[in-house]
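For reference, the structure is listed below as structure tokens.
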Amino acid sequence: MNLNLRKAIIQNVSGNSQAELEDTIVDAIQSGEEKMLPGLGVLFEVIWKNADNNEKSAMLETLQNGLKH
């Protein structure tokens, strides 16, 4: 992924409230459009980089459980 794309996505949502961030995520998922996947990836990268080990473990468990269905 191009670093400029990362910066653009982060700039686009920087300063958004939690409700706005949630709307962005929900809209991207509900649209089902492939073009939204890079943005979700960048947002997940931010979450991952800012999570502690317990939060990372919880995310991995949630992911693993979600992939079982």
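Read-outs: derived from the displayed coordinates by stated rules, not from any lab. This one's a predicted model, so the numbers in the text were calculated from it and none came from an experiment. Backbone-built Cβ (ideal geometry, glycine too); neighbour counts: all protein chains shown.
Positive contributions from Lys and Arg (+1) and negative ones from Asp and Glu (-1), summed over other residues with Cβ under 12 Å from the Cβ of ALA28, come out at -4.
Shown for the chain is the translational diffusion coefficient from the Stokes-Einstein equation, using the Kirkwood radius over Cα pairs, a temperature of 20 °C and a viscosity of 1.002 mPa s: 161 µm²/s. Using a Förster distance of 25 angstrom, determine the FRET efficiency expected from the C-beta separation of ASP52 and GLN18, and round it to 0.05. Step by step, r from the Cβ atoms, then E = 0.85.
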